[in-house]
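> Just passing along the structure, written as structure tokens.
The values are calculated or read from the model by the stated rules, or taken from the named source; none is laboratory data. Owing to the predicted nature of the structure, the values given are computational and were not obtained by experimental measurement. Every residue, glycine as well, gets a Cβ built from its backbone with ideal geometry; the counts of neighbours run over all protein chains shown. The protein model used for the area step is the full one, side chains on, heavy atoms only, and it has no ligands, DNA or RNA in it. Shrake-Rupley method; radii C 1.70, N 1.55, O 1.52, S 1.80 Å.
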Amino acid sequence: MTMIYVLMLLGGLALAGFNAWQRLGRTPDARRWARGTHRDFAQRNVLILWPALAVALVGGSLVGGAEAADLPAWPGVVLLAVGLLTWLAWAALPLPVPAAFQPRWYRERSPRG
């Protein structure tokens, strides 16, 4: 596997880990994104855009790894496509973040939900 695919995998896993820490919100620092004046922007980033980017990065690394190992690449292609299409949809369109994607602690303290 070439270095770019290893970096994509490490970046995707690091982003997914950081994002999981924020989503779980077990510490005040992890919940910092839910406060402030740009809360809607942060909500879109933390709950949709960053996880979609992490999925796309891991999918892209699987495509490269499958190619190098002479294995089927379709699982990586599916992850890459889902991640990129989700990212593009929420980045380009004014789509709301579904309540099902919001952590319970966020819904409980949100005045709208």
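> Could you point to the residue in L84, I4, T27 farthest towards the positive end of the chain's charge dipole, with +1 and -1 charges on the Cβ of Lys/Arg and Asp/Glu respectively?
My answer, from the dipole projection, is T27.
> Expressed as a whole percentage, what fraction of the accessible surface of the chain belongs to carbon and sulfur atoms when a 1.4 Å probe is rolled over the protein heavy atoms?
70 percent
> Something else: Per residue of the chain, what 222 nm ellipticity follows from adding -39500 (n - 2.57) for every DSSP H run with n ≥ 4, rounded to the nearest 500?
So the helix-based figure for the chain works out to -21000 deg cm²/dmol.
> Please tell me the relative contact order of the chain in percent, rounded to the nearest whole number, where contacts are Cα pairs under 8 Å and at least six residues apart.
RCO, the chain: 29 percent.
> While we're on this one: Between helix 50-69 and the chain, what is the angle of the helix's C-alpha long axis to the longest principal axis, kept within 0 to 90° and rounded to the nearest 10?
10 degrees
> Further, regarding this structure: For the chain, what is the Kirkwood hydrodynamic radius in Å, using each pair of distinct C-alpha atoms?
Taking the inverse mean of 1/r over all distinct Cα pairs, the chain comes out at 15.1 Å.
> Also, quick follow-up: Can you tell me the 0 to 90 degree angle between the C-alpha axis of helix 3-24 and the longest principal axis of the chain, rounded to 10?
Relative to the chain, helix 3-24 is tipped by roughly 20 degrees.
> Equivalent ellipsoid semi-axes for region 73-113, as square roots of 5 times the alpha carbon gyration tensor eigenvalues: give them largest first, rounded to whole Å.
28, 14, 5
> Work out how much length E108 to D29 would gain on full extension: take 0.36 nm times their residue separation and subtract the Cα-Cα distance, in nm to one decimal.
26.6 nm is the gain from fully extending E108 to D29.
> Rank-order 37-43, 61-67, 79-85 by packing density, defined as the average count of other C-beta atoms within 10 Å over each peptide's residues, highest first.
The peptides rank, most packed first, as 61-67, 79-85, 37-43.
> Please give the contour-minus-distance gain from L88 to R39: 0.36 nm per residue of separation, less the Cα-Cα distance, rounded to one decimal in nm.
Computed gain between L88 and R39 is 15.6 nm.
> Using alpha carbons only, how many degrees (0 to 90, rounded to 10) separate the axis of helix 74-92 from the longest principal axis of the chain?
40 degrees
> How large is the charge dipole for the chain, taken about the Cα centre, if only the Cβ atoms of Lys, Arg (+1) and Asp, Glu (-1) carry charge, to the nearest 20 debye?
Working: 11 positive and 5 negative charges, 174 e Å.
It works out to roughly 840 debye.
> Also: Suppose all protein chains stay in the model; what accessible area per residue would a 1.4 Å probe give for region 1-50, in Å²?
64 Å²
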